[in-house]
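Q: Quick one: the structure is below, and I'll ask about it shortly.
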Amino acid sequence: MYNYIIGKVVEKTGSYIVLENNGIGYTIYTPNPYAFKDDEVQKVYLYQQIKEDEHLLFGFKTSEEKDLFLKLISVKGMGPKMTLPMLATGSISGIVDAIERENILYLKKFPKIGEKVAKQMILDLKGKMGSIATLDLPDTDNYDELIEVLEGLGYKSKEFKHLLPQIDNSLSIEDQVKEALKLLLK
């Protein structure tokens, strides 16, 4: 089993990258191939899937993203190709939060995820996300003023930290507070 590979991205398509390492080009399926920079040496965390008729590599920018992927594919009815779009369109903390809070509507917004699979994800993973639950939080330096305002309104940081990735930090502080309050009141 591979853990990671370091190499240069020499090709990108909509679903995979080709990473060259020691003269060998590895096709690696990834949630967002365009997150990788061309012609730069990069570390890609890997998961290898071996089937009767194919050997596939799935790659991730962070080990946290890989950990979430491994948990998601352990769910009955979920496979790697079904999980990649979730990681491409959702944030790690958003997915973890949806599972922990049993937010079926959030999970159903992903391609190929219906109510049955969403319920199975919650059943299999709720309370088992471990250290992933604290990951993917944004750099709070960009949100210092927002955090201060929310705490001034009486909210505890554990109530809103997971929502920060959903708030555009380029907005004015007033708009950030409005967005945060909308999310908190859902």
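Values quoted throughout were computed directly from the atomic coordinates according to the rules given, and no laboratory measurement underlies them. As the structure is a prediction and not an experimental result, all values here were calculated from the model. Here the Cβ is made from the backbone with ideal geometry for all residues, glycine too, and neighbour counts use every protein chain on show.
Q: Looking only at E64, E159, E20, which one moves most when the chain is put into a Gaussian network model with springs between Cα atoms under 10 Å?
A: It is E159.
Q: Can you tell me the length gained on complete extension of the stretch K178 to E148, counting 0.36 nm per residue apart and subtracting the Cα distance?
A: 9.4 nm
Q: Here's a follow-up. Taking the inverse of the average 1/r across all pairs of different Cα atoms in the range 52-186, what Kirkwood radius in Å do you get?
A: On the way: mean 1/r = 0.0621 Å⁻¹.
Computed over Cα pairs of the range 52-186, the Kirkwood hydrodynamic radius comes out at 16.1 Å.
Q: To continue, here is another question. Can you figure out the FRET efficiency of L70 with D39, using R₀ = 35 Å and their beta-carbon distance, to the nearest 0.05?
A: 0.75
Q: Of K116, K43, K12, which has the largest mean-square fluctuation in a 10 Å C-alpha GNM of the chain?
A: Residue with maximal mean-square fluctuation among K116, K43, K12: K116.
Q: Cβ neighbours within 10 Å, averaged per peptide: list 27-35, 52-60 in order, most packed at the top.
A: By packing density, highest mean first, the sequence is 27-35, 52-60.
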